[in-house]
């Protein structure tokens, strides 16, 4: 039995991606139309699962090239666990930086010193920021 195909409009509606994004993903080789009806691309139903995997990759801040590299021949999912561990480490480092930024902002907002430049903690923050340049 032949699998039902979905046209690009149906895929857009079901996936939440715009038709333009779907065309771009096809251009980048992330998804592939199986046919055309007139000017409308047709996709097999498996494209929806692949688009969900692409969404997960984007949520993890993976580039489209990194996501494409996770699909082997015949679009089979081939996750490189070592790369994902490195990406998780990058996220942990980013979380640490963001927490420090949040704490700094809160301190500056609530600092009891009359002038921030007189505050020892603010001075320390300035020295740390200067080293990050």
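Figure legend: label point modelled 7 angstrom from the Cα of residue 116 along Cα→Cβ; residues of the stretch 64-103 with amide N under 15 Å from it are 101-103. Treating r as the C-beta distance of residue 100 and residue 123 and R0 as 25 Å, the FRET efficiency rounds to 0.95. Taking a ≥ b ≥ c as the square roots of the eigenvalues of the alpha carbon gyration tensor, the stretch 5-79 is prolate, as a/c is not under 1.5 and a/b beats b/c.
Of the peptides 81-94, 6-19, the order by per-residue mean of other Cβ atoms within 10 Å, starting with the highest, comes out as 6-19, 81-94.
Could you work out how far the C-alpha centroid of the stretch 36-65 sits from that of the stretch 89-133, in angstrom? Cα centroid of the stretch 36-65 versus Cα centroid of the stretch 89-133: 41 Å apart.
Roughly how many nanometres apart are two label points built 7 Å out from the Cα toward the Cβ at residue 107 and residue 68? The two pseudo-label positions are separated by 4.4 nm.
Treating r as the C-beta distance of residue 80 and residue 46 and R0 as 25 Å, the FRET efficiency rounds to 0.70. Note on the chain: Cα-Cα pairs beyond 26 Å make up 49% of the total pair count. With the helix formula -39500 (n - 2.57) applied to DSSP H stretches of n ≥ 4, the chain reaches a computed 222 nm mean residue ellipticity of -18500 deg cm²/dmol.
FYI, it's all coordinate maths here, none of it is from the lab. The model shown is predicted, which means the values in this text are computed figures rather than measured ones. Positions of Cβ are generated from backbone atoms using ideal geometry, with glycine treated the same way; all protein chains shown enter the neighbour counts.
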